[in-house]
Amino acid sequence: MAIQVLKFGGSSVADVEHVRLVAQRVVSRRNEGFDLVVVVSAMGSTTDELLALAQQINPVPSTRELDMLLTVGERTTTALLAMAIQKLGVDAVSLTGSQCGIMTNASHSHARIIEIRPFRVWDELEAGRVVVVAGYQGTSYKREITTLGRGGSDTTAVALAAALDAERCEIYSDIEAVYTADPKVVLDARRLSEVTYQQMLDLSRHGAKVLNADAVEFARRSGIALYTRSTFRPDLPGSVIRANPPVEARPAVGVAGRKGVVGVELSSSDGGALTAALDFLGHAGLVPDFVMAAPSGGVWLLFSEAANVGLAGTLSDVLSGMTARVTSGLGLVTVLGDLAAHEDLRGRLLPCVRGLSQAAGMMVSPTAVTVVMPEALVDHAMRALHQACIGSFAGVE
């Protein structure tokens, strides 16, 4: 039988009733005649709760011990879903990332998959079982448990789909499709029926939460089409992410927002100090998401707080004795599109950006404009920029 990989996010398996609903979806698809590999995230807010527990013990916990702790969430969901599928009369088995043969580098909290040896998965599929896999985790070549970073269950699903030569890879969540903005924030956001890998990669990197950026990059390299679906409304049309979809060029693709950003401002007057600071941060495992000019004339390094546990404490230790200013509570809003080719888009965008109060900085490229601001203003800015920049164009429903 053809293999399909289905991934269910934390909101899809938030509690026991949700797990039972997902089990019913899986059994229904299995009865259609497919071999299934089901990748799951931790239930609901389990990961955040475990992080909070760790920080009660140590505000700057070891990333190795965090990996040991956080992977418990996915393993719990995996076992519960396998039990629920079994109760419906279908044989199922739960496997950890290491049992699936997912090998990573040795970077705790931000590991990258370097190889997959899915022999155990093949064996279980050939035995007629649904294979339920704990997402977000693997094993390093040092035989250490590692995690793939926030949203890493998406990457697990795509990587397994590639390794197993699966027919398709479907990503289920509480949002059925890729939209021009977060539909929970921008009520008139529009569904994108087809999206290129590059467009989805840009949206994900700038804060869109439908798909993990590493997963999209993995899909692009492997040539795997991704299908987004709603767990609770599978009848709703989703989106397809693939190479060269048959849609017309869009002046603006979407607006993405990100909160929980920490900015580190370094003086650019002393090039040696700036290089030393970047080296120190790199050795501490802190790699900024963005680097941009600061309003003061220096350089701003922008970090995601969620992706770097204990970030404030680590920055304090790393930058001790250096001339650096740390600002927390920042947010980013980005408009993505072909800005270089569409003068009318620039004409609508730039006045809107200038009208945003308390904007603290801006980064411009031919395909994106990113505005830095207090995180409390992110939702308002997303609505304003979406209204100004997203018009009626092909490929939107």
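For the range 183-190, check the following and say yes or no: at least one residue is more than 25 Å from V22 (Cα to Cα) and in contact with a Pro (Cβ under 8 Å, 6 or more places away or on another chain).
Looking through the range 183-190, at least one residue is more than 25 Å from V22 (Cα to Cα) and in contact with a Pro (Cβ under 8 Å, 6 or more places away or on another chain).
If you take the residues in the range 353-387 that are among the β-branched types (V, I, T) and farther than 24 Å from R190 by Cα, which one is modelled with the highest pLDDT?
V372
Please go through the range 175-231 and give me each residue that is over 18 Å from V335 (Cα atoms), of a type in the set (A, V, I, L, M, F, W, C) and in contact with a Ser or Thr (Cβ under 8 Å, 6 or more places away or on another chain), ordered by number.
I175, A177, A215, V216, F218
Identify, please: which residue in the range 221-275 is of a type in the set (K, R) and either surrounded by fewer than 17 Cβ atoms within 10 Å (Cβ to Cβ) or modelled with pLDDT under 90 (or both) and is, among those, nearest to K7 (Cα to Cα)?
Looking only at the range 221-275, we keep the residues that are of a type in the set (K, R), and these are 221, 229, 233, 242, 250, 258-259.
Within this subset, residues satisfying the condition of being either surrounded by fewer than 17 Cβ atoms within 10 Å (Cβ to Cβ) or modelled with pLDDT under 90 (or both) are 221, 233, 250.
Values: R221: 19, R233: 15, R250: 29 Å.
Restricting to residues being of a type in the set (K, R) and either surrounded by fewer than 17 Cβ atoms within 10 Å (Cβ to Cβ) or modelled with pLDDT under 90 (or both), the top hit is R233.
Yes/no matrix, rows are residues, columns are (1) within 26 Å of A163 (Cα to Cα); (2) touching a helix residue (DSSP H, G or I) at 6+ places or on another chain (Cβ under 6 Å); (3) charged (D, E, K, R):
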{"residue": "L36", "(1), (2), (3)": "yes, yes, no"}
{"residue": "V40", "(1), (2), (3)": "yes, yes, no"}
{"residue": "S45", "(1), (2), (3)": "no, no, no"}
{"residue": "E49", "(1), (2), (3)": "no, no, yes"}
{"residue": "T63", "(1), (2), (3)": "no, no, no"}
{"residue": "Q86", "(1), (2), (3)": "yes, no, no"}
{"residue": "G97", "(1), (2), (3)": "yes, no, no"}
{"residue": "I102", "(1), (2), (3)": "yes, no, no"}
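Kindly evaluate A157 against the criterion of being farther than 19 Å from V216 by Cβ, in contact with a Lys or Arg (Cβ under 6 Å, 6 or more places away or on another chain) and touching a residue at least 40 places away in the same chain (Cβ under 8 Å).
On the way: farther than 19 Å from V216 by Cβ: no; in contact with a Lys or Arg (Cβ under 6 Å, 6 or more places away or on another chain): yes; touching a residue at least 40 places away in the same chain (Cβ under 8 Å): yes.
No, not satisfied.
Just for the range 336-393: of the residues that are in contact with a Lys or Arg (Cβ under 8 Å, 6 or more places away or on another chain) and part of a helix (DSSP H, G or I), which one is surrounded by the most Cβ atoms within 10 Å (Cβ to Cβ)?
Result: C389.
Give the residues of the range 171-193 that are surrounded by fewer than 19 Cβ atoms within 10 Å (Cβ to Cβ) and under 28 Å from R30 (Cβ atoms), sorted by residue number.
D174, S193
Please verify whether A52 is out of contact with any Lys or Arg (no Cβ under 8 Å at 6 or more places or on another chain), among the small types (G, A, S) and loosely packed, with under 14 Cβ neighbours inside 10 Å, treating the condition exactly as stated.
So A52 fits the description; yes.
Read through the list (1) within 24 Å of L50 (Cβ to Cβ); (2) surrounded by 16 or more Cβ atoms within 10 Å (Cβ to Cβ), then give the number of the only condition that L125 fails.
(1)
All but one of (1) touching a residue at least 40 places away in the same chain (Cβ under 8 Å); (2) charged (D, E, K, R); (3) in contact with a Leu (Cβ under 8 Å, 6 or more places away or on another chain) hold for E167, so report the exception by its number.
Looking at each condition in turn, E167 falls short on (3).
Please state which one of V5, V90 is surrounded by fewer than 19 Cβ atoms within 10 Å (Cβ to Cβ) and among the β-branched types (V, I, T).
V90
If P118 satisfies every condition in (1) in contact (Cβ under 8 Å) with a residue 60 or more places away in the chain; (2) of a type outside the set (A, V, I, L, M, F, W, C); (3) crowded, with 19+ Cβ neighbours inside 10 Å; (4) out of contact with any strand residue (DSSP E or B) (no Cβ under 7 Å at 6 or more places or on another chain) but one, which is the exception?
The one condition P118 does not meet is (1).
The values are calculated or read from the model by the stated rules, or taken from the named source; none is laboratory data. Worth saying up front: this structure is predicted, and the values here are computed from it rather than measured. In this analysis, Cβ positions are derived from the backbone assuming ideal geometry, glycine residues included, and neighbour counts consider all displayed protein chains.
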